[in-house]
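Okay, structure first, notes after.
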């Protein structure tokens, strides 16, 4: 696991001490500590030095480190660190050293607004952008008053939003997670669904989303058509959770623009949509032969797009040769992979790829792991679970008519097939 | 709670030159001077640029404090951006320039009245961050106004400011009445303000553990629950964390809070979910288990916990550490969710290891096949730590699920065939445990194990292998050769290997005495003469004496039947687990340590405990662990795993409960040993030769001293054995009988008035394992009494006379006679009320008389009532919480060791002792004659005469009697 890390000259780029109970110099212990853990192969997101605890995440080449000397709420800390990344990314597009330096004034302002005395405050970047902006000139006017949104119960949507044409786009995206054992048995599989909104609605609209949720159907005594059992549902801040808890109604005032309204998990046994059979034969000191068969186990009418089958090869393999019945195979030596790309993969079809690699006569004595074959794909106009948006009611006091648009996509999530070699 | 500084640091590679970054590039010498000039410039733009440069320098760590007055001068500006920068500068340098910081006060006060709420809030926020005493007093008035500001943004900022001020000057905050204002804000109309007020109050309350600051009552709880629906995700966390500190009055209140908290489980923010789980896990304790809602709640908890595993890896890690606790407390929640804990190839190592841990906890007969297939897969990975843990896990499965044992063993053998060194070693360590658990079942694999002897280089694996060879010496033809090969480098081995080798060779000798005399002498002399390790030496001497004085006893001790090893390992000790459940989501739950173990200054803070369940009705008093100076630091009280158990067995100094140790061998002892060397061989061979050392223990003492405890061969680690050890060194005590069992004084059972002149007073005692009824019969009548007989009515424990009442001579008027009646417990059983009631009929030549008396239940505590530690843990966990009852023992002035010794006299055995914050917790077990086990946790705090005792038993009705016995024993 441990890679040789390049030696960087660590330095603190920006730092905000919210409480004054942890010495600023403590951060100097962080990097040596991290390196030590890395060397021992025991990296851990929590590390301590004396009475100080470091909780950290890494984003590109930045470490975001929170320090504390109390029994802090660790899950809050990590949630917040990821929120920081999200906010900074929305502000600066890329969160990296340069963007921090280029915008350090705004960064300080944001750090002040996001957290006070160790308590996270307003972290909704759309709202923050209303009163913390990058162009100083514009500030003078805008900043004369606190957007009421900051402290409103509806803290995610400003008042007075106007659109000429009122529309809302609903994306239902299901990701399939599969883990298949080397002997071909499906160890675990689940569906993680996500409903994303792009809201272009004026005013403060009240929305209600209707799904073919089995619990709801059972509650209302209706049993027509296919329903879906959602194992666990997570909602955006805007959804009234107690309402959902009592009568399964998904009602909310949506944030403006793009947002993830909800996510759900379905634990049913899913047939892997793209089935892979592989034979990998390794002849020590001479060659590796790979044969991969991919089969589309979904409806004939559907088509999987941009399918990528990634097959691991030994790190010392050389002179690749490929043969495919469709698509392209490519060797990516830096990742020790063969990537077989199929632009369009109709349901029910079966394709084949053969690869041949040479192996050096002097063997690499380092043990290599057994990375699984992974698959990426996307199937539009289709959900595995059969979830459907039955309606989206939009009510605004001005009484405008608004159109909901729905789109369904199924894609690969964590899609792994273990191999024998 | 959420007090932490946030720092963003990074690996700097190359500088860059764009926009703001240009401010970082000036490094000329006259820089400060130039900046000074710019700061005092008339032009607004130039001023702002200059301040930016100053801040940039500050950021990279340059000292720009010299510019303090010039920067402060820029404070009076209506440019918000500039103002923020100046404030930032002030926060950084005010502390080093307190006098000059005063200069800023006026502007702050003025800004607190600015028409723009953003500026008012900014001012009050910044003022709180300036940690200069002189400034704080000027802060009070503006803060007071801001707390009542019309704009909620200002109020919510002011609420936090109270906490800041309290951190600097707590007295001031109290004097100024800010705490009351803060409490009022809990009723504020704005949810953000409520949330911040709750956060601030919780923070303050933490440093004042005894203040009733967060005076939570059903009204405030209701307000919090209402705000919960409306405030931001972070606010929800503050409120949930605060709710978790509340103890509902009854199960109905508990349920209604749970009902209002469960919707939070659907929140997208993992931290909200975990905090909600904390509240639910805690309040669930109060719900009756037969309630429908209880079952519903259990079902609702599983899906969100599983979904947490799709979060970012760090959050997954926190979730997994918490799930580990939850699974121990309530295994039923996730018992069907095994698959989600299967390890993915790309999981970070810390996630992999945690998942593995949980997989083992969830392993059961239903899913074992799948688990095993997975574990085998993991064992062929490349990451050493992970692979080791996977191999160990296979062993644990074998022990946990008997049906899988065979498959586990064959999997382990497959793995041994891979010849990957660390896999082989790890496999041998776990196979040893499997042998312990299933003796005489899998010995066919020993040959394969022996093949790998040479490759073992880790002490644990070597010790395990040696144990196996010693244990099965009679079946291994070349056992002596194998052990001898280890002996060559005896002094280079680690202690655990040395100890194990010593024991193994003694075992070998006892099994095959003829061929191995030389070997055993060699090892004994290595251990006693050439080693400076006291544990090793002591054990060497013990074996030596045993062998030289009574080989039969030696056999009984060394080859004693081993107690079963328990299924569950690495269990967190119950009280700690309860405390950790109250800290779900926090660092404590990640470290699996109580906060007092890693937060400075948290001593004296109350340990959190789960509320009592609805059934028991006993109110749980949080132990007040305040005072007690010089407390020993609580060790991370995780009970040693199976692997450690071996170490425990081997390492005398790990012995937790008793303080009595054998006196170190004196020089006289050394002499004795020398003598032994000379003439000891005969005695080793079992001849009844005269012991050589003058004060060596005689065999009866051995038998009694060692025979009693069920513990295995390293006889020195159970409590009663220490007594036996003393006997070994000092024969004066005579027979090593458990002395000092408590017996109450005699009381009059049958007054003469009621029995035509016969008076009976009596008591019960347990002597040498025999229950006795000791009576004084007095004839207060005028005529002689003869023909005595006694009979018992059916009673709870089947007590019955073991023989006839021996009153041989007639009892003359005014004469008394002492009679001892041995009892057994094989009589007919009927449950009595009270439980320990005994109805007796006594007959003489005059009439039949009836009386009833109560016997102390401690009479029924048998000598082998010491439970094995692991078994204790598993049993404690296994017995439902409803069966737990708590009592107070008042006015007892013994320290915990004295108490433990005293109790032991009555066959109440201390299994482990833990000290937390000056409070000793003794874990004790006792067994009744009818096989009922009673488990106890006794808390003793230095300086506090009141003990708390929690009793757990599958037959909870005995608890009351057991408690009475404790009281009686401890107070006499």
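Just a few scattered comments:
- Order of A:90, B:381 under a 10 Å beta carbon neighbour criterion, fewest first: A:90, B:381
- Shielding by partners, peptide A:241-250 (average Cβ within 10 angstrom, other chains): 3
- Peptide A:180-193 has a mean of 2 when you count, residue by residue, the C-beta atoms of other protein chains within 10 Å of its C-beta.
- Sorting A:391-398, B:239-246, B:949-956 by their mean Cβ neighbour count within 10 Å, with the most densely packed peptide first, gives B:239-246, B:949-956, A:391-398.
- Average 1/r across all pairs of distinct alpha carbons in segment A:3-129, invert it, and you get the Kirkwood radius: 15.5 Å.
- Sorting the segments B:114-124, B:537-547, B:510-520 by their mean number of nearby beta carbons within 10 angstrom, highest to lowest, gives B:537-547, B:114-124, B:510-520.
- Extension gain, residue B:113-residue B:879: 0.36 nm per intervening residue step, less the Cα-Cα distance, totals 269.4 nm.
- With a 10 Å cut-off around each Cβ of B:158-164, the average count of Cβ atoms from other chains is 3.
- Sequence ranges B:276-285, A:201-210, ranked by mean other-Cβ count within 10 angstrom, highest first: B:276-285, A:201-210
Computed from the coordinates by the stated procedures, all read-outs in this text should not be read as laboratory data. In this text the structure is predicted, and so the values were computed from the model without any measurement. Because the Cβ atoms are built from the backbone with ideal geometry, glycine has one as well, and the counts that use them run over all protein chains shown.
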